[in-house]
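Q: This structure is in structure tokens; I'll ask about it shortly.
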């Protein structure tokens, strides 16, 4: 006898019950409150001291941005939870069905495997949104202290962590579908995460294409969102990886299909994903949602730079681990890349650390080539880079605009400890006991 309810709604209800009775989700909820609390309280204490609390020099906090000083470290607790706790929730939704036999009931409903996986992913994401409540409550606390809240940068930050959670969920359900036991899926998921960290390490040490690839790892993606930067290529690649993970999970949940067929289908999905990811790297659109415009030049400088039509090539003679290269990249070149699509940057160095290159002639030089003219500088600040480019292009530097003055706030995090360390754990513990008893 068929249920009068639509099959998909029945599946959503079933998956929600599976989530609510799972210990993994309640552990996630229980742990995330203190994690956010530690990060938020520490960030607010530091922000207050720099702003002038307890005798710090007045005026130091004028350049402070809540996005960098408070929200980035507070929401970093969500990144930690997404790496070490959320995968177990996603894996439980898939592996639990295999162990309990619920997967056979799902197959009898006549729904496609991708639809079934999508239902699990939707429920897991809903569970994650509930787990984000402590971080969202930190915003209300900050507002109650008199702190400044800038909507666009907070929406970007929250969106970045939701997208990161989507990647984790897709990875979790994919590994759970590929393996027979949840512990194996957990090991595979952690191995993949460690692999992205290795890529980040090689990108920082070796540079080159390693550095470019590392820019699309989950950690790098979250770092961009935490600075208020949205790159279209990053969003597209994350979306492709999420769909690919769910697609692979759907393929391997079709237990009645031959393994050889599923392998071939998985290879085809992987190939299509690789092509789509490669095409997405050419999407150059980006948006700086930070109130301080920390990812952009001033509006006057951007207008002046857009008038330059000739290709610009910059040759940097600095090693990968030289602090000056990092300073140049973050202060100027990353901003130039967003503004000038014809920009070409070439890094030249014989070693990765540059320790023994310091005495070589030409090391530390930054050469600029524009419209048949060239110039050399050793300045790595954004002002120095712009001055050299304007000189080559024959452009009069625009007048300096008023810079972002920041939002200092010398207030300690009153009441935060009671909320995150006491109220939240008690609320989750009591709710977990009551709800689990009712549904079991």
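Q: Within the bounds of segment 253-264, is there any residue that is touching a helix residue (DSSP H, G or I) at 6+ places or on another chain (Cβ under 9 Å) and closer than 21 Å to residue 128 by Cα?
A: No, there is no match, as no residue in segment 253-264 is touching a helix residue (DSSP H, G or I) at 6+ places or on another chain (Cβ under 9 Å) and closer than 21 Å to residue 128 by Cα.
Q: Follow-up question, since we're still on this one. Counting only residues that are surrounded by fewer than 19 Cβ atoms within 10 Å (Cβ to Cβ), touching a residue at least 60 places away in the same chain (Cβ under 8 Å) and over 29 Å from the mean Cα position of the chain (by Cα), give me the helices (runs of 4 or more DSSP H) lying completely in segment 323-440 with at least 1 of them.
A: Here the list reads 382-393, 424-439.
Q: Can I ask one more? With respect to residue 149, determine if the residue is assigned to a loop (DSSP other than H, G, I, E, B) and either in contact with a strand residue (DSSP E or B) (Cβ under 9 Å, 6 or more places away or on another chain) or surrounded by fewer than 19 Cβ atoms within 10 Å (Cβ to Cβ) (or both).
A: Yes: the conditions hold for residue 149.
Q: So residue 299 passes all but one of these: (1) more than 26 Å from the chain's Cα centre (by Cα); (2) assigned by TED's automatic domain parsing to the domain that holds residue 381. Which condition number does it fail?
A: Just one mismatch for residue 299, condition (2).
Q: Can you tell me which of 217, 244, 234, 289 is over 30 Å from residue 369 (Cα atoms) and without any contact (Cβ under 8 Å) to a residue 24 or more places away in the chain?
A: Values: 244 fails: without any contact (Cβ under 8 Å) to a residue 24 or more places away in the chain; 234 fails: over 30 Å from residue 369 (Cα atoms); 289 fails: without any contact (Cβ under 8 Å) to a residue 24 or more places away in the chain.
Just one listed residue meets the conditions, 217.
Q: Also, quick follow-up: Of all residues being in contact (Cβ under 8 Å) with a residue 60 or more places away in the chain and farther than 15 Å from residue 383 by Cα in segment 294-322, which is surrounded by the fewest Cβ atoms within 10 Å (Cβ to Cβ)? Just the residue, please. Walk me through it before giving the result.
A: At the first step, the residues of segment 294-322 found to be in contact (Cβ under 8 Å) with a residue 60 or more places away in the chain are 294-295, 297-301, 303-305, 307-308, 310, 312, 320-321.
Remaining after also requiring farther than 15 Å from residue 383 by Cα: 303, 307-308, 310, 312, 320-321.
Working: 303: 11, 307: 8, 308: 20, 310: 12, 312: 19, 320: 20, 321: 17.
It comes out as 307.
For (1) in the same structural domain as residue 322 (by TED's automatic domain parsing); (2) in contact (Cβ under 8 Å) with a residue 12 or more places away in the chain; (3) in contact with a helix residue (DSSP H, G or I) (Cβ under 6 Å, 6 or more places away or on another chain); (4) surrounded by fewer than 16 Cβ atoms within 10 Å (Cβ to Cβ), each residue gets a yes or a no:
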| residue | (1), (2), (3), (4) |
| --- | --- |
| 142 | no, yes, no, no |
| 156 | no, yes, yes, no |
| 173 | no, yes, yes, no |
| 182 | no, yes, yes, no |
| 190 | no, yes, no, yes |
| 195 | no, no, no, yes |
| 210 | no, no, yes, no |
| 229 | no, yes, no, no |
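The values are calculated or read from the model by the stated rules, or taken from the named source; none is laboratory data. Keep in mind that this is a model prediction, so the values were computed, not measured. Positions of Cβ are generated from backbone atoms using ideal geometry, with glycine treated the same way; all protein chains shown enter the neighbour counts.
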